[in-house]
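Visitor: One structure coming up, written as structure tokens, with questions to follow.
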């Protein structure tokens, strides 16, 4: 219910702001990474109320009913608290009247389902990014039926009638970065009205990045147990490679793990198969289908059993002209997409968009407990070290069905 309420409040601004005689403010309160309070303020220029007609009152009744429903039906069955207060103030010579809806509820983190409005993305080392999507004027025009040209033409009139719209986030967290227009104490404020009427015709993400208190730190017992079991040192620069070597996901050569070598597409596909624990299935497939050929002319003989299996089961695809691109560099999006597929996510099911695979990995919390500060320097051409960083952290993320982890596929751990 709270997710619906947040999305609805955002839609209200898009649908009704351009009458030019309203003021809105949405204030979101957050403690650590938990959103637990929403305050929505809506006010009308009293002198122009009659021009808006019955729609104003119907709108206000709809808002009030929505908040009352949210209050009585908490998402976990618990009761929430709603305070409704009449609002009157003067601004720019006009009297504004309206209502403040102050809604507190059992805190929730994530909001991953409200992609159109708000979400909290885990980053790394127990830091998070709260993001609010703000549409372009073209998108707002499509929703409201008011052309972009009209927005620009009547901008001065809107301002003179007192039109304002703000979003604020209130938090005591340690803020690392943000793009708020102004900060007052612990309140970060964005001027939505200016973004609309100044015709900044592009979508924008409003955000704050923050570090939670130590009491709210997320820990991953599976990862900690793994590190302890294999006596690994997280401060070792080769930590990720050595960790994958322990469970036979990464093999070395006479030159060692070659972690600073470029990751090739063929290597990425082989790692993908190992993360899925397909060794037995690959061997059985080769015996049952000795004449099957994947059809790629750039796959060496030693890799064909694995590639034959992956291609037959439509787990990987080539680049055309009978080529897989075995010796092409692999990008972060390409490898992360493979890892997401291994976790049961699918582009076909619209679980993620291929080019946004790295972002999806963050949203799933791949790196939230990673304290190394590791950074991928070239997302277009991964190194084997980069690959190890992604793959190791993926081992301890629940799969899409919430029924297990990639680490469960690795027979060494059983």
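Visitor: With a point put 7 Å past each Cα toward its Cβ, work out how far residue 224 is from residue 347 in nm, to one decimal.
Guide: 3.8
Visitor: Rank by packing, highest mean first: peptides 290-303, 357-370, 339-352, with packing defined as the count of other Cβ atoms within 10 Å averaged across residues.
Guide: 357-370, 339-352, 290-303
Visitor: Next question, about the same structure. Hey, can you rank 84-94, 390-400, 179-189 by average C-beta count inside 10 Å, highest first?
Guide: Packing proxy ranking, top to bottom: 390-400, 179-189, 84-94.
Visitor: Another question, then. What relative contact order, as a whole-number percentage, does the range 221-413 give when Cα pairs under 8 Å and 6 or more residues apart are counted?
Guide: Here the relative contact order equals 28 percent.
Visitor: How high is the FRET efficiency between residue 292 and residue 255 when r is their beta carbon distance and R₀ equals 51 Å, given to the nearest 0.05?
Guide: 0.95
Visitor: Using 0.36 nm per residue of separation minus the Cα-Cα distance, give me the extension gain between residue 279 and residue 106 in nm, one decimal.
Guide: Extra length available between residue 279 and residue 106 comes to 57.7 nm.
Visitor: Quick one: Debye curve from the alpha-carbon atoms of the range 280-400 only, equal weights, vacuum; give me log10 I(q)/I(0) at q = 0.19 Å⁻¹ to two decimals.
Guide: The Debye formula, applied to the Cα set alone, gives -1.14.
Visitor: What residues from the range 396-410 fall in the zone where the backbone N is under 12 Å from a label point 7 Å along the Cα-to-C-beta line of residue 372?
Guide: none
Visitor: For the residue pair residue 191 and residue 125, what label-to-label distance in nm results when each label sits 7 Å from Cα along the Cα-to-beta-carbon direction?
Guide: With each label placed 7 Å out from Cα toward Cβ, I get 3.4 nm.
Visitor: By how many nm would the segment from residue 313 to residue 83 grow when fully extended, if each residue of separation counts as 0.36 nm and the alpha-carbon distance is taken off?
Guide: 77.2 nm
Visitor: Test of understanding: what is the full-extension gain from residue 380 to residue 175, defined as 0.36 nm times their sequence separation minus their Cα-Cα distance?
Guide: 70.8 nm
Visitor: For the pair residue 95 and residue 215, how long in nm is the line joining their label points, each one 7 Å along Cα→Cβ?
Guide: About 4.6 nm, to one decimal.
FYI, it's all coordinate maths here, none of it is from the lab. Being a predicted model, the structure only gives us computed values, none of them experimental. Every residue, glycine as well, gets a Cβ built from its backbone with ideal geometry; the counts of neighbours run over all protein chains shown.
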